[in-house]
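Each remark here refers to the structure printed beneath this line.
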Amino acid sequence: MKKDLIDILDVSTAEIEELITTAFDIVEHPEQYHERCKNKIMGTLFYEPSTRTRLSFTSAMQSLGGSVLGFSEASSSSVSKGESVADTARTVECFSDIIVMRHPKEGAPFVAAQNVEIPVINAGDGGHNHPTQTLTDLFTIKREKGRLDNLTIACCGDLKFGRTVHSLIAAMSRYQKVKFILISPDELKIPEHIRSEILLKNNIEFEEISSLDEAITKADVLYMTRVQKERFFNEEDYVRLKDSYILTPDKLINAKADMSILHPLPRVNEISVQIDKDPRAAYFRQVKNGKFIRMALVLKLLGL
Ligand code: NCD
């Protein structure tokens, strides 16, 4: 495995398989992992808001017997004095064994990784990538569906700025017989580099449509996303597009009985709370899975 996890393609499918196997073992035998990271310290550098990602990394490290230091907003660190990402990373390297970084600028975790010897994990960089959310999604799909191949995956919402979708498409494109239905308003379609460098290049079957109703009948996995308010240049566009898709119980009538509904969360309006009771709603199980797969990842990157 590479030193860092910056892009989901940094891990091979064999390594993903290994991480998933470890995560299953952690679920089965948590007590065997309680001391594995004893005396290890994780530095969490969050320059952007986060609930699940930061807390699941913290919980993961604590459940492995390690400890965590860091900041959850750049304003409380020397970043507000103008310190560079490289210098902050080099400083945190003096106090920790592994760094987890979220940053609004694409490529910032990569810069950090270039400047330190310890592993760096990208916890989301701008509208670019979010590889540990994708590991969470893959582990969830494996648990819910029993497989990662032979699936029709419908991604719905903000496919332009939604970094989790970009990493998910890259990861799932390596499995056999995976088809994508990409549902978004015209202005929020997937970026051209995902279309040409991943989907077309690898001959992946996909369609781009704007109707959720049309797609829902065919999906094995429905991956809903939030419109990424913070990446819009003007409020007007956001307000116009934010409620493009709202999943309500009536929309599920024609969906497969065993379809899984995923969402990286936070949800705003895209999934009605009435759906939460539906057995197909997997998004809170997905949150929990995020902790187990992150435990597996930390062990792997620390060579433990
Ligand atoms: C996602 C993110 O930060 O990209 N959240 C998460 O990490 N679970 C999705 C989002 O913010 O919409």
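When you restrict to C-alpha pairs under 8 Å that are six or more residues apart and normalise by the size of region 88-215, the relative contact order lands at 19 percent.
What shape does region 232-304 take by its C-alpha gyration tensor, where a ≥ b ≥ c are the square roots of the eigenvalues and a/c under 1.5 counts as rounded, a/b above b/c as prolate, and the rest as oblate? Here region 232-304 falls in the oblate category. The calculated pair-distance distribution of region 103-147 uses every alpha carbon pair, bins of 10 angstrom beginning at 0, and gives 28, 37, 24, 11 percent. Peptide packing for 281-289, 216-224, 133-141, 240-248 was compared via the average number of neighbouring C-beta atoms within 10 Å per residue; ordered from the highest value, the list is 133-141, 216-224, 281-289, 240-248.
For region 53-94, GluC sites (Glu not before Pro) meeting the loop criterion (DSSP other than H, G, I, E, B) and having at most 15 other Cβ atoms within 10 Å: E73, E83. Taking the three principal axes of the alpha carbon atoms in region 1-111, the coordinate ranges are 46, 29, 25 Å, sorted in descending order. For region 25-82, build the charge dipole from Cβ charges (+1 Lys, Arg; -1 Asp, Glu) around the Cα centre, then report which of P49, I26, S63 sits farthest towards its positive end. Looking along the dipole axis, the top candidate is P49.
Accessible surface for region 1-66, divided over its residues, is 47 Å² per residue with a 1.4 Å probe. Using the Cβ-Cβ distance between I209 and K277 with R0 = 25 Å, the FRET efficiency computed as 1/(1 + (r/R0)^6) comes to roughly 0.35. Inverting the pair-averaged 1/r between distinct Cα atoms of region 44-182 gives 16.2 Å as its Kirkwood hydrodynamic radius. Straight Cα distances below 16 angstrom link K288 to the lysines K142, with same-chain residues fewer than 8 positions distant left out. Each listed q (0.07, 0.13 Å⁻¹) maps to a log10 I(q)/I(0) for the chain from the Debye sum over equal C-alpha point scatterers, namely -0.26, -0.91. Given region 167-216, report the % of alpha carbon pairs whose separation exceeds 15 Å. Tail of P(r) above 15 Å: 44 percent of Cα pairs.
Taking the accessible area of the chain, probe 1.4 Å, and keeping the other protein chains in place, the carbon and sulfur fraction comes to 48%.
Extending 7 Å from Cα along the Cβ direction at F95 and again at Q176 yields two label points whose distance is 5.0 nm. Values of log10 I(q)/I(0) for region 139-285 across q = 0.10, 0.17, 0.18, 0.20 Å⁻¹ run -0.31, -0.94, -1.06, -1.31, by the Debye formula with one identical scatterer at each alpha carbon and no solvent. Cross-link reach is defined here as a Cα-Cα straight distance under 17 Å, omitting same-chain residues fewer than 8 places apart; for K2 the lysines meeting it are K300. Of the residues Q114, N289, Q228, the one whose Cα sits farthest toward the positive end of the charge dipole of the chain, with +1 on the Cβ of Lys and Arg and -1 on the Cβ of Asp and Glu, is N289. Taking a straight line from the alpha carbon of K189, these aspartates and glutamates sit under 14 Å away, with near neighbours fewer than eight places off in the same chain left out: D158, E207, E208.
The values are calculated or read from the model by the stated rules, or taken from the named source; none is laboratory data. The structure presented is a predicted model; accordingly, all values stated were derived computationally and were not measured. Cβ sites come from the backbone with ideal geometry, for glycine too, and all protein chains shown count toward neighbours. The area values use the complete protein model at the heavy-atom level, side chains included, leaving out ligands, DNA and RNA. Shrake-Rupley method; radii C 1.70, N 1.55, O 1.52, S 1.80 Å.
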